[in-house]
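First the structure, in the form of structure tokens, and then the observations on it.
The values are calculated or read from the model by the stated rules, or taken from the named source; none is laboratory data. Just so you know, these numbers come straight off a predicted model, no measurement behind them. Ideal geometry is used to build each Cβ from the backbone, glycine not excepted, and the neighbour counts take in all protein chains shown. When the accessible area is computed, the model is the full protein with side chains, heavy atoms only, and any ligands, DNA or RNA have been set aside. Shrake-Rupley method; radii C 1.70, N 1.55, O 1.52, S 1.80 Å.
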Amino acid sequence: MTYQPVERIGVAKIDLAVTTLFGWIFRETPIVDYGIDGQIEYVWNGCPQGRLIAVQIKAGESHLTQTKRGLIFYGELRHLNYWLNHSIPVLLVVYTPRNDTLR
């Protein structure tokens, strides 16, 4: 068995992007979850606003498929239903290590 750090790298990349690009707060979910890897809190003029977005991070090459119309994410219907019925908005982010991108 080999260690594959791609999921941890994906979480770290989201944390770095949220913090450096937006100046917002990223809080990783510290326990086993069912479709939510963390929360992002909006910050305005250095003041946290109490407005949250849940974030689900998928990392790896297998999560996106290139088509003529663009990239498509294929996931499980049970996760989509969970995200759509969540109490706060859910942002799905895919980290692709090959080209080091977040989408």
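Across region 30-66, the qualifying residues are those that are open to solvent by less than 50 Å² (accessible area, probe 1.4 Å) and over 13 Å from the mean Cα position of the chain (by Cα), and the one among them that is modelled with the lowest pLDDT is Leu64. Restricting to region 52-70, name every residue that is under 21 Å from Ile9 (Cα atoms) and part of a strand (DSSP E or B). The answer is Ile53, Ala54, Val55, Gln56, Ile57, Lys58, Ala59, Leu64, Thr65.
Restricting region 76-93 to residues that are hydrophobic (A, V, I, L, M, F, W, C) and open to solvent by 60 Å² or more (accessible area, probe 1.4 Å), the residue that is farthest from Glu28 (Cα to Cα) is Leu77. Any residue in region 5-28 that is assigned to a loop (DSSP other than H, G, I, E, B), of a type outside the set (A, V, I, L, M, F, W, C), buried (at least 16 other Cβ atoms within 10 Å of the Cβ) and under 12 Å from the mean Cα position of the chain (by Cα)? Looking for residues that are assigned to a loop (DSSP other than H, G, I, E, B), of a type outside the set (A, V, I, L, M, F, W, C), buried (at least 16 other Cβ atoms within 10 Å of the Cβ) and under 12 Å from the mean Cα position of the chain (by Cα), one finds none in region 5-28, hence no. Filtered by the rule that a residue be touching a residue at least 24 places away in the same chain (Cβ under 8 Å) and aliphatic (A, V, I, L, M), region 18-61 gives Ile36, Ile40, Leu52, Ile53, Ala54, Val55, Ile57, Ala59.
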